[in-house]
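Heads up: the structure comes next, in structure tokens.
No lab work stands behind these numbers, since they all come straight from the coordinates. Values in this document were obtained by computation on a predicted structure and should not be read as measured data. Backbone-built Cβ (ideal geometry, glycine too); neighbour counts: all protein chains shown.
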Amino acid sequence: MSSATPRWRRTGIVAALVGALFVPASTGLVHGAPAARAVHTVAAPDPARAVSPGVTTPPSPSDTAFPELDARRRLPHDLLDAAVQQVMREASVPGVTVGLWVEGKGSYVRTFGVADKATGAPMEPDLFMRIGSETKTFTVTALLELVDLGKVGLDDPIGKYVDGVPDGDRITLRDLAGMRSGLFNYSEDDGFFKALTSDPYRPFTPRELLGYSFKHPVQFPPGAEFDYSNTNLILLGLVVEEVTGLPLDRYVQKNVLDPAHLDDTLFPTDARFPSPHAHGYTDQTASGQIEDATDWNPSWGWAAGAMISTLEDLRSWAKTLATGTLLTPATQAERLKTGPTTIPGAGYGLGIFNVQGWIGHNGSLPGYESLTLYLPEERATLVVLLNTDVTHDQTEPSTLFGQAVTRIVTPDHVFDLPSS
């Protein structure tokens with residue numbers, strides 16, 4: 001694929017699984033963690049320059065749970081520091097937070113770089129961050145809870161709940177959650193891109209978003225292929241609202257975030273962004289130049305990519321999502337049935353992926369990227385949060401960090417989504 005191809009027009013599984021809301025594959029808005037959490041923080045006012053080696057600080061509370069293991073450094077902190085900093089240099093990432101927790105081996109929590117390029121304020125582990133397509137994991141969880149309550153069926157046609165959907169009598173909720181509907185991705189539409197980048201602070205309604213999709217023909221019969229599309233999640237959000245009579249954000253808060261004890265995760269309906277938060281930088285702009293997208297209105301991502309969270313909440317969510325704590329075992333088993341994709345070792349289930357054994361999701365929207373994963377075999381959790389979505393050699397920076405970390409700690413399970 002030519003490097004000149006705009007990212008919002010790319011097609012294929014690689015762009016899809018990286019979760020960028022502008023990619024035809026998609027995505028993807030309390031209080032922070034205790035100030036007592038000690039981390040290794042390195043400021044890098046100029047992200048293009050090498051990140052200076054940091055000074056080791058006292059272990060975080062999660063490290064002290066394994067004092068004898070930490071003393072033996074069973075997680076190679078120095079190697080991880082070097083690998084993360086190398087990705088930062090090569091991809092010109094302003095700031096990143098990496099959290100890794102492995103049962104029996106301790107933890108690694110580090111921040112590098114800056115949260116604000118204008119002031120040089122350092123990245124911190126308790127910042128709120130936009131999480132893009134990780135929103136999909138919450139929306140689909142809400143839907144699957146309704147399955148468990150007997151209020152919807154995975155094989156119900158979407159036309160039962162939402163009028164005007166092309167092939168709505170054939171496309172099922174399962175097709176939508178599994179990215180196999182064939183519906184055109186609204187964020188791939190030229191008119192949508194122009195509308196968003198000409199006024200990124202404007203609100204969008206779900207029906208407006210569907211309008212950008214439905215003017216295009218259905219791409220293939222339901223279930224025939226995998227094609228990552230934000231349109232699918234907008235429809236599932238509308239299903240949750242139709243069945244429950246509640247706005248999606250309120251239902252997710254009451255039935256997903258509260259039971260999962262995620263006090264620092266929220267589903268905004270406007271540009272709200274709690275403090276403290278990092279500034280986000282993107283080149284997905286009308287000018288093509290890198291701009292600050294911190295306060296862009298994420299309503300255009302809605303059920304597909306509007307949410308905000310923190311490192312500690314995502315650490316908790318990673319295991320909850322992968323193990324199905326909020327669902328019945330039967331429904332979680334349906335969720336984890338991953339259909340084939342075009343990348344060896346990668347499969348996509350119902351709002352969740354499995355890449356070389358790592359279960360979870362990533363997210364990307366202008367200015368921010370995230371990665372939240374759980375590896376049951378090693379009982380390991382990995383969370384990466386960064387404040388740019390500018391790609392490096394057509395690869396999302398969150399993927400580069402995931403590769404770098406897993407090559408060191410789980411060489412038999414390397415998180416790998418190669419560019420094409």
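Starting from the Cα of E242, step 7 Å along the direction of its Cβ; do the same at R407; then give the gap between the two resulting points in nm. Modelled inter-label distance: 4.7 nm.
Given the pairs K151/K254; K215/K337; K194/K215; K254/K319, which span a C-alpha to C-alpha distance of over 22 angstrom in this model?
K215/K337
Enclosing the Cα atoms of the stretch 325-412 in their convex hull gives a volume equal to 115 cubic angstrom per residue. For the stretch 268-280, 3J(HN,Hα) computed residue by residue from phi via the Karplus equation (6.51, -1.76, 1.60; θ = phi - 60°) reads x, 10, 8, 8, 3, 8, x, 9, x, 9, 7, 6, x Hz, glycine and proline entered as x. Gyration tensor analysis over the Cα atoms of the stretch 110-263 returns equivalent ellipsoid semi-axes of 30, 22, 14 Å (largest first, whole Å). Sorting I131, I359 by the number of Cβ atoms found within 10 Å of their own Cβ, with the fewest placed first, yields I359, I131.
Phi angles across the stretch 364-371 convert, under the Karplus curve 6.51 cos²θ - 1.76 cosθ + 1.60 with θ = phi - 60°, into 3J(HN,Hα) values of 8, 8, x, x, 9, 9, 8, 8 Hz, Gly and Pro given as x.
Note on the stretch 170-204 and the stretch 364-415: Cα centroid distance 24 Å, given to the nearest whole angstrom.
Cβ-to-Cβ counts within 10 Å put Y368, Y201, Y212 in ascending order as Y201, Y212, Y368, the fewest first. Phi-derived couplings, Karplus 6.51 cos²θ - 1.76 cosθ + 1.60 at θ = phi - 60°, listed residue by residue for the stretch 125-140: x, 9, 6, 6, 9, 6, 10, x, 5, 4, 3, 4, 5, 6, 5, 5 Hz, with x used for Gly and Pro.
The per residue volume of the convex hull around the alpha-carbon atoms of the stretch 264-332 is 119 Å³. Its Cα gyration tensor gives the stretch 81-170 an equivalent ellipsoid, and the semi-axes of that ellipsoid, as √(5λ) in whole Å with the largest first, are 42, 19, 12. Note: the stretch 263-377, Cα convex hull, 133 Å³ per residue.
The order of L385, L236, going from fewest to most other C-beta atoms within 10 Å of their C-beta, is L236, L385.
Amide H to amide H distances under 5 Å link I359 with Y374, L375, where only residues 5 or more positions off or on other chains count and H is placed in the peptide plane.
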